[in-house]
Ligand SMILES: Nc1ncnc2c1ncn2[C@@H]1O[C@H](COP(=O)(O)OP(=O)(O)OP(=O)(O)O)[C@@H](O)[C@H]1O
Ligand SMILES: [Mg+2]
């Protein structure tokens, strides 16, 4: 209610009572000497309209009691009858009781004991200005004018009182005021603000009587005069050291926002608006940067590595993927501690629906903005042509795919411990290459490719000399299984690569400024045996063979030649080739050299996540990826993909 309405109402009420008094007594002396006027009119009107229009706190009740006691002394001694003594006792009780309550209370009322709550509420009822001073006023006018001696005056004053009380002038003033105010969708007071964390988070203490499941509700922060300071969303509700505490992310500041600094009480009012289905779990916190979102959540909330959260950025959503979490402990003012989970999420970016991929965001998430879990329900989209779907972001619908051309021309590595799903992912990529008209030569020690890729009619290649004939033919897939590699695997590998390179050189016409599209992919399964690191070779000449293979891979790019490197042991594979792999699928790995190597590609936080990745989950990074930044993906479920392959039941014997 606006101050101006209350003041207007006060002047109108005072004018009425002065007019009646003047008419009854013929002058204005009553205004200084008559108990009925002092006690009833001045205090009733002033206190209930100006000082305590809403409700009376303990301190107000104390003042009301003291004022009541002092005004009783205006009553001439001859008129101090039994009722006077009752009033005296009433005022004295209010003074003493509210003084004790003020001394005892240290917390908000809803947190206090039942007894304190009872007495405080009782005092508020019987210590309201309307209660005490109505009684005084009525008693005063009867003493002064004595019914029916001065019937008209008494009737007029009673009429005034009736209008003031029954029509309830403070409420009328409030109603008039609310008519001109913006409508507020607020229900009941539910807590108080205990602190503002700059710039947009309010810490609140919540009423124990509130229901569960209020996280996500819209709230209003109300100043003492019942004016709205801000709107917000409650995103945390938990018990800390026996108190129900919460945090509010402020979504809109009112014109009175600056008044929160005056130190007055700010109440929290919960709106009736239904909670949105996606609940906020935290707010953007310190430590966030352009690529990284940091927020703290209630330890009871369960999330998963790889899960997607979103933050509003202007009028779009910026997506982030959870990569790390740790328990954080903050020290409370009284020396106790409170725990929360500090979550770190890597940036995915803005969702570009037409390309079914993420566009990077070049700025930090807005401090204090709400963080909401996203399942990406409405984003399901198929990747554009030329791209191969490899999976989706865990617990979401966001597809993850790679550019088929880039995986070959810029080389790709699949790294992970045994059983992590490398070969299955390789079969899937190989099928995509064949589908795109690209030739694939698999150098396979495991026999797995021969068995699983039977439906693609692979051409068996016994020696490197068979390569040219195969490349001249129509068959897109060829597999060599090292049955008689007497000079060692690295030599055979380099020979095969060499033959491929020769053929491409002869059959490709280079044009300045035109990139040759991918033509041939060499798959190096168990690459640590085919292209070992120099300190892992079986015999010294292997070093030269590995270097020869590396040179071919490096030069082959010009002619559309690339490789798909698959290994369990990053440490044992030559870095001269691994370093040329621009796209990396990192599945679960434990070896330190591997993690050190991957750290350079994806940064500290992602590389730490590699050792705890769930099964068939990978971190994809590099040129071919649909995400400009590293992305954790759940690889498509291939369990039944090659199940109906008849050769799997009857092992092949051909080499
Ligand atoms: N995407 C997937 N979805 C479901 N199951 C999978 C998937 N990938 C692999 N598997 C299962 O895990 C098993 C091991 O996978 P795979 O052979 O690809 O592992 P690997 O990483 O190549 O292991 P190794 O290093 O020993 O060759 C498969 O036999 C299959 O049952
Ligand atoms: Mg394998």
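The values are calculated or read from the model by the stated rules, or taken from the named source; none is laboratory data. What you see is a predicted model; the values in this text were computed from it and never measured. Neighbour counts run over all protein chains shown; Cβ positions are idealised from the backbone, glycine included.
Tabulated results
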read-out	value
Residue 417 vs. criteria within 16 Å of ligand 1 (Cβ to nearest atom), in contact (Cβ under 8 Å) with a residue 24 or more places away in the chain and in a strand (DSSP E or B)	no
Those residues of region 424-450 which are over 17 Å from residue 581 (Cβ atoms), within 11 Å of ligand 1 (Cβ to nearest atom) and outside any loop (DSSP other than H, G, I, E, B), in sequence order	424, 427, 428, 448, 449
Search result, residues across region 346-370 that are in a loop (DSSP other than H, G, I, E, B) and more than 17 Å from residue 384 (Cβ to Cβ)	360, 361, 362, 363, 364, 365, 366, 367, 368, 369
Qualifying residue in region 22-41 (condition: free of Cβ contacts under 8 Å to residues at least 12 places away in the same chain, in a helix (DSSP H, G or I) and over 16 Å from residue 140 (Cβ atoms))	yes
Residue 325 vs. criteria surrounded by fewer than 18 Cβ atoms within 10 Å (Cβ to Cβ) and under 15 Å from the mean Cα position of the chain (by Cα)	yes
Long-range neighbours under 6 Å by Cβ, at least six apart or interchain, first residue under 13 Å from residue 477 (Cα atoms) within region 441-453, second near ligand 2 (Cβ under 10 Å from one of its atoms) and assigned to a helix (DSSP H, G or I)	442/449; 452/427
Qualifying residue in region 573-585 (condition: in contact with a helix residue (DSSP H, G or I) (Cβ under 9 Å, 6 or more places away or on another chain), assigned to a loop (DSSP other than H, G, I, E, B) and within 16 Å of ligand 2 (Cβ to nearest atom))	no
Selection from region 435-467 of residues that are surrounded by fewer than 15 Cβ atoms within 10 Å (Cβ to Cβ) and more than 52 Å from the chain's Cα centre (by Cα)	462, 463, 465
Residue check for residue 554: modelled with pLDDT under 95, more than 16 Å from ligand 2 (Cβ to nearest atom) and assigned to a helix (DSSP H, G or I)	yes
Tally, over region 370-420, of residues that are buried (at least 20 other Cβ atoms within 10 Å of the Cβ) and within 16 Å of ligand 2 (Cβ to nearest atom)	6
Search result, residues across region 451-493 that are within 16 Å of ligand 1 (Cβ to nearest atom) and at positive phi	482
Subset of region 64-113 that is farther than 28 Å from residue 35 by Cβ and assigned to a helix (DSSP H, G or I) - its residue that is modelled with the highest pLDDT	100
